[in-house]
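The values are calculated or read from the model by the stated rules, or taken from the named source; none is laboratory data. Keep in mind that what you see is a predicted model, and the values were worked out from it rather than measured. Note: ideal-geometry Cβ built from the backbone for every residue, glycine included; neighbour counts use all protein chains shown.
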Amino acid sequence: MPGRLAIYDDRYFKENAKKFIKVDLVKNLNPRYNIAPTMPIPALLNSGEYLYTHFGYLPSWAKSKKSMNINARSESIFEKITFRDSFKFRRCLIPINGFFEWEIEDKTKKPYFVKDIKNDYFALAGIWDEYCDDELKMNIITTALITCNANEKLDLYEVTSAVNKVSFNSPLCIKKKINLEIGQQSLFEIE
């Protein structure tokens, strides 16, 4: 299930969703290559607003941020009281260019970037709610991704381990890692 996202180009999404976007509050996208939970992500709400939201769902009735969810499983979303009202009334599309998954091997985390094989973006299904943030002293729109099992329409490749640091936000996050075999030399700098 995606825990880190990348959204660096939303032009094709906006073109494909133009009849649903009533108000574009994102305007010129701030490209992000390593979005972790609690960071802003763009979402098209079912009300027609395309705006930045808080990546991490908090229902309006939540007492604290400790109950935050970034994913809601499609198989059980309608059964869980946390998601039920939002699933019925507050749905959204979350455009991303890809997401990160990690393989753990001998206590080492190996990051992979996952993207659509044919298209430049995904439009992920999501849910949203409005949460009163006591620290910010304002209401914020919070979102969660609706997840399902992976399919064969995805491309996956290894990327630099620097993506493990949330502060690393660069196009290098999604660059395919080249693994050289022992004895092989390169004239190019490898990161």
Mind checking whether some residue in segment 73-82 is assigned to a strand (DSSP E or B), farther than 23 Å from ASN30 by Cα, of a type outside the set (Asp, Glu) and in contact (Cβ under 8 Å) with a residue 40 or more places away in the chain?
-> yes
When you look at ASN71, is it polar (S, T, N, Q) and at pLDDT 90 or above, yes or no?
-> no
Hey, ALA6 surrounded by 20 or more Cβ atoms within 10 Å (Cβ to Cβ) and more than 21 Å from LYS177 (Cα to Cα) or not = no
When segment 104-137 is examined, which residues are found to be among the aliphatic types (A, V, I, L, M), closer than 21 Å to LYS66 by Cβ and either surrounded by 15 or more Cβ atoms within 10 Å (Cβ to Cβ) or modelled with pLDDT of 90 or more (or both)?
-> ILE127
Taking segment 1-52 and keeping only residues that are among the charged types (D, E, K, R), modelled with pLDDT of 95 or more and touching a helix residue (DSSP H, G or I) at 6+ places or on another chain (Cβ under 8 Å), one is left with ASP24
Can you pull out the residues in segment 113-141 that are assigned to a strand (DSSP E or B) and more than 14 Å from the chain's Cα centre (by Cα)?
-> ASP129, GLU130, TYR131, CYS132, ASP133, MET138, ASN139, ILE140, ILE141
State which residue pairs qualify: first residue surrounded by fewer than 20 Cβ atoms within 10 Å (Cβ to Cβ) and inside segment 87-103, second residue of a type in the set (Lys, Arg) and modelled with pLDDT under 95 in any location, beta carbons under 6 Å apart, and separation of 6 or more residues or different chains.
-> TRP102/LYS109; GLU103/LYS110
Per the filter on segment 142-189, residues modelled with pLDDT under 90, among the aliphatic types (A, V, I, L, M), part of a loop (DSSP other than H, G, I, E, B) and farther than 29 Å from LEU58 by Cβ are ILE178, LEU180, ILE182, LEU187
Give me the pairs: first residue in segment 160-176 and farther than 18 Å from GLU103 by Cβ and free of Cβ contacts under 8 Å to residues at least 60 places away in the same chain, second residue among the acidic types (Asp, Glu) and assigned to a helix (DSSP H, G or I), beta-carbon distance under 9 Å, and six or more apart or on different chains, which are they?
-> none
Requiring at least 2 residues that are in contact (Cβ under 8 Å) with a residue 24 or more places away in the chain and under 18 Å from LYS88 (Cβ atoms), the strands (runs of 3 or more DSSP E) wholly within segment 26-71 are 40-45
